[in-house]
Amino acid sequence: MTTTATEDLQELVRSADSSFARARTPAELENAKAQFLGKSGRVTELMKGMGALSVDEKKTRGAAINQAKQAIEALLTDRRQALADAELARQLQAEALDVTLPGRQRGMGALHPISLAWERIEQIFGSMGFDVGDGPEIENDWFNFTALNNPPNHPARSMQDTFYVDMSDEQGQPYCLRTHTSPMQIRYATAHARRHAAALAAGQIPEVRVIVPGRTYRVDNDATHSPMFHQVEGLWLGENVSFKDLKVTYLNFCKAFFETDDLILRFRPSYFPFTEPSAEIDIQFQTGPLAGRWLEVSGSGQVHPQVVRNMGLDPERFIGFAFGSGIDRLAMLRYGVNDLRLFFEGDIRFLSQFR
Ligand code: PHE
């Protein structure tokens, strides 16, 4: 066996090494492999070329070729592994997650300040024995006006300009967006007519004692009026419910709502078609940032006999009071908000202060 023969095998291994190294993908590598180890590859050609050698020469040459072949196979395995490692590294890089980034959080929700005031009102009047009612925002003319002693063409209708809905009920009553929660006085009282009749039959004077918070609508829009606003209606009828009860009830409500005893209340004569006499309720804080100013918080009055009659009750036996307060106004005073529109703009910087 000549030196040249051995050198030519070393050369073959080096050539395979650089050919494998040039392969950039597994497919290219398999092509390169075929050039050396395939059926008509260079190693196979060398094997075939041994036919002319003597037996001894075959032994040595065969062993040398085998060694070269094994060396080439080892290089191939290494290169396969290197390509696979590179591919894995590329994938990991592409799908990399930065686990040090902060997670996405859901913002912490909270109740709207109007809802907070609304819930407070329900809770306080609830503790004073008032039921909580709920009624339609699209109301017909009878409940919103006429049943409340405010017939068509009555001048008091102009106190509450509203939005009309292009639709009327079976009796031809037009619908409007309710201008106040007062229609619920009639609806609530008539809905409980059976209970009242049963009590009367048993010789008792039944009571109507309810508040109705809800959305109301008027054609108004400035810093203290919004076309949609919130009211809470109060109604207490019974055998002998008087203005004295209204004063105590409302004062106790205000003390609880504003969390202070330093509060006085006055009635200021007013006019509503559905109450007689009627009064505005003003309150005055004796301490704190609002101290010393009379603040109007509610309309009120003794329920008009005609309205009691429209409830299906006898005004000779049922007497009592009603009030209607602006929930937004109460919330503004409680939270020190000076522009009503802030409540309805949905600005998170404003709303998140009430968490
Ligand atoms: N409904 C009246 C208003 O919205 C308020 C009110 C209610 C007055 C009940 C008296 C009695 O202006």
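The values are calculated or read from the model by the stated rules, or taken from the named source; none is laboratory data. Every value quoted in this text rests on a predicted model; they were computed, and no experiment measured them. Here the Cβ is made from the backbone with ideal geometry for all residues, glycine too, and neighbour counts use every protein chain on show. When the accessible area is computed, the model is the full protein with side chains, heavy atoms only, and any ligands, DNA or RNA have been set aside. Shrake-Rupley method; radii C 1.70, N 1.55, O 1.52, S 1.80 Å.
Results, tabulated for the structure shown:
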{"read-out": "Complete set of residues in the stretch 168-186 that are of a type outside the set (K, R) and either within 16 Å of the ligand (Cβ to nearest atom) or within 20 Å of N221 (Cα to Cα) (or both)", "value": "C176, L177, T179, H180, T181, S182, P183, M184, Q185, I186"}
{"read-out": "Residue count for the stretch 189-222, restricted to those that are in contact with a Leu (Cβ under 7 Å, 6 or more places away or on another chain) and among the hydroxyl-bearing types (S, T, Y)", "value": "1"}
{"read-out": "Residue within the stretch 281-290 that is open to solvent by less than 50 Å² (accessible area, probe 1.4 Å) and either under 30 Å from W142 (Cβ atoms) or touching a residue at least 60 places away in the same chain (Cβ under 8 Å) (or both) present", "value": "yes"}
{"read-out": "Residue check for V337: assigned by TED's automatic domain parsing to the domain that holds I121, open to solvent by less than 10 Å² (accessible area, probe 1.4 Å), more than 22 Å from the chain's Cα centre (by Cα) and of a type outside the set (G, A, S)", "value": "no"}
{"read-out": "Residue check, E239 more than 14 Å from the ligand (Cβ to nearest atom) and charged (D, E, K, R)", "value": "yes"}
{"read-out": "Residue within the stretch 73-96 that is open to solvent by less than 50 Å² (accessible area, probe 1.4 Å), over 24 Å from L246 (Cα atoms) and part of a strand (DSSP E or B) present", "value": "no"}
{"read-out": "Neighbours by Cβ (under 9 Å, 6+ apart or cross-chain): first from the stretch 188-199, touching a residue at least 60 places away in the same chain (Cβ under 8 Å); second open to solvent by 20 Å² or more (accessible area, probe 1.4 Å) and assigned to a helix (DSSP H, G or I)", "value": "A189/N310; T190/N310"}
{"read-out": "Qualifying residues in the stretch 232-280 (those that are part of a strand (DSSP E or B) and of a type in the set (D, E, K, R)) - the one least open to solvent (accessible area, probe 1.4 Å)", "value": "E233"}
{"read-out": "Among residues of the stretch 218-227, those that are farther than 19 Å from E296 by Cα and in contact with a strand residue (DSSP E or B) (Cβ under 8 Å, 6 or more places away or on another chain), counted", "value": "1"}
{"read-out": "Which numbered condition D314 misses (of (1) part of a strand (DSSP E or B); (2) open to solvent by 10 Å² or more (accessible area, probe 1.4 Å); (3) over 24 Å from L116 (Cα atoms))", "value": "(1)"}
{"read-out": "Subset of the stretch 142-178 (residues that are touching a Pro at 6+ places or on another chain (Cβ under 8 Å) and open to solvent by less than 20 Å² (accessible area, probe 1.4 Å))", "value": "N144, F145, A147, L148, N150, A156, R178"}
{"read-out": "Checking S40 against (1) within 60 Å of the chain's Cα centre (by Cα); (2) of a type in the set (G, A, S); (3) outside any helix (DSSP H, G or I), the condition it does not meet", "value": "(1)"}
{"read-out": "Subset of the stretch 1-53 [over 14 Å from T77 (Cα atoms), among the charged types (D, E, K, R) and exposed (fewer than 14 other Cβ atoms within 10 Å of the Cβ)]", "value": "E7, D8, E11, R14, R22, R24, K39, E45, K48"}
{"read-out": "Boolean, A223 is in contact with a helix residue (DSSP H, G or I) (Cβ under 7 Å, 6 or more places away or on another chain), more than 15 Å from the ligand (Cβ to nearest atom) and at pLDDT below 95", "value": "yes"}
{"read-out": "For N310: the one exception among (1) free of Cβ contacts under 8 Å to residues at least 24 places away in the same chain; (2) touching a helix residue (DSSP H, G or I) at 6+ places or on another chain (Cβ under 9 Å)", "value": "(1)"}
{"read-out": "From V208, V165, residue being more than 30 Å from G292 (Cα to Cα) and within 16 Å of the ligand (Cβ to nearest atom)", "value": "V208"}
